[in-house]
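The values are calculated or read from the model by the stated rules, or taken from the named source; none is laboratory data. Keep in mind the model is a prediction, meaning the values are calculated, not measured. Here Cβ is always computed from backbone atoms with ideal geometry, including for glycine, and neighbour counts include all displayed protein chains. For accessibility, only protein heavy atoms count, side chains too; no ligands or nucleic acids. Shrake-Rupley method; radii C 1.70, N 1.55, O 1.52, S 1.80 Å.
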Amino acid sequence: MDGNCEAVTQRPGPRDQEGATFVLPRGVILLFAAACGASVANVYFSQPLLVTMGHDLAMSPALVGAVVTLTQVGYGVGLFFLVPLGDVVDRRRLIVCQLLLLVVALAVVASARTAATLLVGMAATGLFAVVTQTLVAYAASLAAVAERGKVVGLVTSGVLLGILLARTASGLMADLAGWHSVYLASASLTALLALILHRVLPRRPPAPASPLRYGQLLRSTVTLFATERVLRRRALFGLLVFAAFSTLWSSVALPLSAAPYFLSHSAIGALGLIGVTGALAATAAGRLNDRGLSRRTTGIALSLLTASWLPLAFTRSSLWALAAGVVLLDLAVQAVHVTNQTLIYALRPDAGSRLIGGYMIFYSLGSATGALSASTLYAASGWGAVCALGAAFSCLGLVVWAFERRQ
């Protein structure tokens, strides 16, 4: 064990109806990962499409920026009000219901012909896309303690692939068939996933009825932050690293669509393929956490995140520099994210959905802060100011880690 790893109490893995330790098949883990990726992608489809959406629906620049912000706000609301339900209701049914509601939201976006309809649909899409976190908490609950980090890492790899490939897929489809087709196709895929997951997800034995009513459940999410120091620390890391992540990905289409590049939607979306190497960090970080190397992994990742902004600052003069920065940034963010989720779930497996949901609220706040700040700074001061903002978020995370190390 790493002498500096955070102390958490781990409980035995889940058991089936006969009392034997439940083994989560690899095929089911991969299904979890695929479902997570497809669900979370809906939050990020719009980023390469913002200019086209604005032109098509006669939206002002401020309204165009609100597309990303409202989606993240909806996601944050869902994290607080929907994800904790996984601790008191059948997660399998909750997942299927959330997916079906997500289908409805996507259909609204796909049929939008006015800015108001689009914004309502995007907020609802963010709200129900939190099924991703219900899936993560469910996968963690099914995994044995000794391999929980590996399972969370694999599932989070699916989340990363969904985030990054969302831009590639949406950019390509928009060039071929218009931006509406992106959300129509996603609605169809989400409906199919709801059917598959309904049939394939493990049927867990009934849990004892929870004494918590809905209001008490929500209040207990807040209480967990007051009582769990590791949760507070990891939530702060999550906010800062995803603020840096969103600073890049919510604004990088702007310099790439302007001189000297004038890249198409599909070309800008293809940038996500470069960041797929970050999925390797997700699985590796999970294994390192199973070995007790959580703090060391966090420190190295935050150092890489800070360093990534140096090559990113040269984006306007070199696409190679941009590619190098993207790889470093995505590796770092996902390593911290997997570490965070593995540690906080182990605190209280019986409250896993509340822990994951509460932590992800800070993720969403960081993403919304990064997106809004980056778009404002780019309009006022250009790409250099955006990179300075991302570097500031990253450096602050590293300072917090160094300060905690001394305590």
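Residues of segment 322-336 include at least one that is over 21 Å from Tyr44 (Cα atoms) and either at pLDDT 90 or above or of a type outside the set (Lys, Arg) (or both).
Any chance segment 347-356 includes a residue that's at pLDDT 90 or above and closer than 17 Å to Ala243 by Cβ? No. In segment 25-93, counting only helices (runs of 4 or more DSSP H) that sit wholly within it, the ones holding 2 or more residues that are closer than 28 Å to Arg199 by Cα and aliphatic (A, V, I, L, M) span 26-44. Applying the criterion of at least 1 residues that are more than 18 Å from Val83 (Cα to Cα) and over 23 Å from the mean Cα position of the chain (by Cα) to the helices (runs of 4 or more DSSP H) found wholly in segment 174-266 leaves 179-200, 214-227, 253-256. Per the conditions (1) open to solvent by less than 20 Å² (accessible area, probe 1.4 Å); (2) among the aliphatic types (A, V, I, L, M); (3) within 23 Å of Leu347 (Cβ to Cβ), the sole criterion not satisfied by Leu256 is (3).
So in segment 213-253, with the set limited to residues that are open to solvent by 50 Å² or more (accessible area, probe 1.4 Å) and of a type in the set (Lys, Arg), which one is nearest to Ser367 (Cα to Cα)? Once the filter is applied, the top-ranked residue is Arg232. The helices (runs of 4 or more DSSP H) found entirely in segment 312-407 that carry 3 or more residues being open to solvent by 20 Å² or more (accessible area, probe 1.4 Å) and either among the polar types (S, T, N, Q) or within 28 Å of Glu228 (Cα to Cα) (or both) are 352-381, 383-406. Within segment 143-169, the set of residues being over 10 Å from Val338 (Cβ atoms) and of a type in the set (A, V, I, L, M, F, W, C) comprises Ala143, Ala144, Val145, Ala146, Val151, Leu161, Ile163, Leu164, Leu165, Ala166, Ala169.
You will find that of Val83, Val155, Val88, Val109, the residue that is touching a Phe, Trp or Tyr at 6+ places or on another chain (Cβ under 7 Å) and closer than 20 Å to Pro349 by Cβ is Val155 and no other.
Please determine, by comparing only the residues of segment 100-153 that are more than 24 Å from Gly358 (Cα to Cα) and in a loop (DSSP other than H, G, I, E, B), which one is most open to solvent (accessible area, probe 1.4 Å). That would be Arg113.
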